[in-house]
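The values are calculated or read from the model by the stated rules, or taken from the named source; none is laboratory data. All values reported here derive from a predicted model rather than from experimental measurement. FYI the Cβ positions are ideal-geometry reconstructions off the backbone, even for glycines, and counts take in every protein chain you see. Calculation scope for accessible area: heavy atoms of the full protein, side chains included, ligands and nucleic acids excluded. Shrake-Rupley method; radii C 1.70, N 1.55, O 1.52, S 1.80 Å.
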Amino acid sequence: MDKAMQGVDPDSPDAFLHIFLNLMSMVPWVTLLWWNLGFVAVGALLGWWRGRTVEGIVWSVVLGPIGWIIVLVRPRGRDKSTPPPLPGRR
């Protein structure tokens with residue numbers, strides 16, 4: 001808490017903003033960016049393996065590693081080499 005309050009007058013009207021900016025400056029943004037890119041890469045790989053590459057990327061961006069579970073639980077995508085069944089014939 002001392003680092004967040006460093007250089008902040010608690011009685012000033014913009015004290016909240018200064019505390020918030022001090023807290024945001026303590027976040028390791030570069031590390032978080034690399035972790036997120038890693039999550040997306042694994043999600044894309046899992047999505048490609050399951051036949052849903054874009055879905056794997058989207059779920060990984062939105063939920064991180066939890067999105068991997070969603071991609072793995074959903075059924076595989078339709079194989080593009082086989083045509084879709086005709087209506088009325090299944």
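Observations on the structure shown:
- Surface per residue (accessible, 1.4 Å probe) for the chain, Å²: 81
- Read-out Rg and Dmax of the Cα atoms in Å, derived from the coordinates shown; its label in [x] 22.7, 75; [y] 17.0, 67; [z] 12.5, 35: [x]
- In a simple Cβ point-charge model (Lys, Arg +1; Asp, Glu -1; nothing else charged), the chain has a dipole of about 1280 debye relative to its Cα centre.
- Against the chain, whose longest principal axis comes from its Cα atoms, helix 29-50 is set at around 10 degrees.
- When the alpha carbon gyration tensor of the stretch 13-60 is reduced to an equivalent ellipsoid, its three semi-axes come out at 36, 11, 4 angstrom, largest first.
- Cα long-axis angle, helix 15-25 against the chain (0 to 90 degrees, to the nearest 10): 50
- Counting only alpha carbon atoms, the long axis of helix 53-63 and the longest principal axis of the chain meet at about 30°.
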